[in-house]
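The values are calculated or read from the model by the stated rules, or taken from the named source; none is laboratory data. Please read all numbers here as calculations on a predicted model, not as lab measurements. All Cβ positions, even for glycine, are placed from backbone atoms using ideal geometry, and neighbour counts span all protein chains on display.
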Amino acid sequence: MNKNHWLFGAHLSIHADEQKTAGTYDMVEGTMQRGMETPMHEHTKYSEHVYTLEGEITIYTSMEIVV
């Protein structure tokens, strides 16, 4: 499986989705441009883990800001 999408200006490749993982996680690879932002959102079915391979990302959570 490898579905490609554009979302909020980012190119996303879905390597595994909830159907393939029995609803336990999604594995998505994304390429984002400098200064790109996604709208504030919340995941209620599972937590989100982010691995940054190049550059810097700022993540706002309900408890802290992580850079």
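Identify, please: which residue in region 44-67 is more than 14 Å from the chain's Cα centre (by Cα) and not in a loop (DSSP other than H, G, I, E, B) and is, among those, surrounded by the fewest Cβ atoms within 10 Å (Cβ to Cβ)? Ranking the candidates gives 65 first.
Quick check on residue 1: is it aliphatic (A, V, I, L, M) and at pLDDT below 85?
Yes: the conditions hold for residue 1.
Scanning region 18-30 for residues that are surrounded by fewer than 11 Cβ atoms within 10 Å (Cβ to Cβ) and not small (Gly, Ala, Ser) returns 19, 24.
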